[in-house]
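Derivation of every value follows stated rules applied to the coordinates shown; laboratory data play no part. Remember, predicted model here, so these are calculated numbers, not experimental data. No Cβ is skipped: glycine too gets one built from the backbone with ideal geometry, and neighbour counts run over all protein chains shown.
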Amino acid sequence: MNHKIPVTVLSGYLGAGKTTLLKYILQEEHDLKIAVIVNDMSEINIDGSLIKSSFSRTEEKLVEMQNGCICCTLREDLMLEVEKLVSRGNIDYIIIESSGISEPIPVAQTFTYVDEVLGIDLTKHCQLDTMVTVVDGNRFWDDFASGESLFDRQQGIDETDKREIVDLLIDQIEFADIILLNKADLLSTEDLDELYHMLKKLNSEAKVIPASFCKVRLNEILNTGRFDFDKASQGAGWIKELNEEHTPETEEYGISSFVYRRRRPFHPERLMEWLENWPVDIVRAKGFFWLASRHNMAGLLSQAGTSIMLQAAGEWVAALPSIEKNAVLKEEPELLEKWDKVYGDRQIELVFIGIEMNQEVIERTLDTCLLSDKEMKENWKQFNDPLPSFGV
Ligand SMILES: Nc1nc2c(ncn2[C@@H]2O[C@H](COP(=O)(O)OP(=O)(O)OP(=O)(O)O)[C@@H](O)[C@H]2O)c(=O)[nH]1
């Protein structure tokens with residue numbers, strides 16, 4: 001029988017407690033022969049030596065991967081190392097501690113896709129079991145609001161790594177099966193409870209477990225069978241909200257969410273002004289928008305804390321040449337349910353998640369950014385468009 005080796009991946013920003021968790025797992029009572037892969041960004045693998053001292057059995061194996069990150073520069077090496085571990089045999093479980101700046105999706109993909117170039121298919125021998133994200137409960141809101149990038153903190157892969165800390169935090173939270181809300185000992189009961197509910201709102205599929213020094217029952221993070229790529233990709237609170245799966249509000253802490261849906265485009269200049277005065281009570285926003293001056297391209301807005309990104313999300317189906325358009329509509333007939341006679345699928349659909357958000361003010365002020373009836377009849381291409389480029 002081909003028994004697949006389960007894999008648990010530990011993610012979490014620098015200092016959240018990943019090494020603490022790993023040491024704890026190794027020292028707890030278990031009857032598994034565990035292989036551990038530790039990824040450290042620096043040249044000296046500090047975590048590796050800390051962990052080695054926790055090995056209680058000789059059959060436990062440690063692979064140290066340093067001077068790069070397993071979600072990008074060391075991704076191939078990760079596949080090779082896992083393949084080596086598996087072919088040597090005599091292990092029951094693999095735990096991977098990502099570097100604090102790893103994005104979880106590429107790491108998960110390493111286990112769910114066949115790599116044609118290297119000719120490695122880890123799906124034959126391994127099964128991604130649980131994606132665990134450790135959150136530093138004590139630093140969470142400070143990091144979230146810091147407005148700093150990895151570059152600012154000199155924590156990036158190289159000098160071109162300008163990823164914002166908050167984007168990394170949100171990626172790690174939204175793509176997790178288990179969120180370990182760590183350092184609970186440093187938080188008041190109210191702050192812990194509020195953060196717990198916020199994390200649930202940001203990822204309603206994940207189980208959020210408050211902990212101190214990562215003390216958690218091992219069956220919550222090993223052999224849970226919780227990982228499912230599609231489920232993990234769809235677990236984010238904003239996706240649930242767009243799919244009309246509203247998660248209940250937490251009245252006590254004023255945590256809430258809503259979708260702003262309109263079938264009218266934004267005026268670029270007014271939207272820019274709105275974005276520059278972003279309401280601080282919005283913690284996370286994401287969704288699609290229709291911009292009058294770029295009529296063919298759907299825009300994707302993604303905000304977390306102080307980081308706001310606008311990107312192209314592909315052309316609206318209504319903007320495609322008719323052969324392509326008809327083919328898409330045949331494949332996705334549900335698009336027709338919301339099809340506008342003139343504008344097709346173009347619309348604004350933005351999800352907002354926040355604490356003590358004033359929904360009425362957000363909606364009213366966003367409505368002033370929409371084209372007026374008079375503007376609807378003007379030449380949209382001539383509107384002044386100060387927004388950054390992301391397509392036409
Ligand atoms: N008070 C408190 N301290 C903790 C807790 N968990 C971990 N720590 C401490 O936080 C520091 C960072 O923990 P690590 O386990 O090294 O964090 P990490 O995520 O592995 O950090 P990197 O390897 O730098 O990414 C250490 O000094 C831990 O002892 C906790 O629950 N409460």
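In whole percents, the pair-distance distribution calculated for the stretch 248-392 from its alpha-carbon pairs, binned every 5 Å from zero, is 2, 9, 18, 22, 18, 14, 10, 5, 2, 0, 0.
Rounded to the nearest 20 debye, the dipole magnitude of the chain is 640 debye, with +1 charges on Lys and Arg beta carbons, -1 on Asp and Glu beta carbons, and the Cα centre as origin. Sorted from longest to shortest, the spans of the Cα atoms of the stretch 236-329 along the three principal axes equal 52, 31, 20 Å. Computed with the Debye formula from one identical point scatterer per Cα of the chain, without solvent, the log10 of I(q)/I(0) at q = 0.06, 0.09, 0.12, 0.14 Å⁻¹ comes to -0.27, -0.60, -1.00, -1.24.
Overall, the stretch 251-382 carries a charge dipole of about 540 debye about its Cα centre when +1 sits on the Cβ of Lys and Arg and -1 on the Cβ of Asp and Glu, all other atoms neutral. Taking a sphere under 9 Å around the Cβ of residue 183 and counting the other residues whose Cβ falls inside, with K and R at +1 and D and E at -1, yields a net charge of -1. Pairs of C-alpha atoms in the stretch 5-235 farther apart than 34 Å represent 9 percent of all such pairs. Candidate cross-link partners of residue 61 among the aspartates and glutamates, defined by an alpha-carbon separation under 18 Å and a same-chain spacing of 8 or more, comprise 28, 29, 31, 40, 47, 77, 81, 83, 92, 97. Once the chain from residue 384 to residue 278 is taken as fully extended at 0.36 nm per residue, the excess over their C-alpha distance is 36.1 nm. When Rg and Dmax are taken over the Cα atoms of the stretch 283-343, they come to 13.8, 42 Å.
Taking only the C-alpha atoms of the stretch 101-237, Rg followed by Dmax gives 16.1, 51 Å.
Per residue, the convex hull around the alpha carbon atoms of the stretch 158-249 comes to 147 Å³.
Under 5 Å from the amide H of residue 127 lie the amide H atoms of 5, 7, each residue being 5 or more positions distant or on a separate chain, with H modelled from the backbone and absent for Pro and chain starts. Count Lys and Arg as plus one, Asp and Glu as minus one, and take only other residues whose Cβ is under 15 Å from that of residue 219; the net charge is then -3. Listed cross-link partners 183/207; 325/381; 338/374; 33/215; 23/207; 200/325 are compared with a 27 Å cut-off, the Cα-Cα value being larger for 200/325. Lys/Arg Cβ at +1, Asp/Glu Cβ at -1, dipole of the chain taken about the Cα centre: which of 95, 12, 319 is farthest positive-ward? Going by the charge dipole, the pick is 319.
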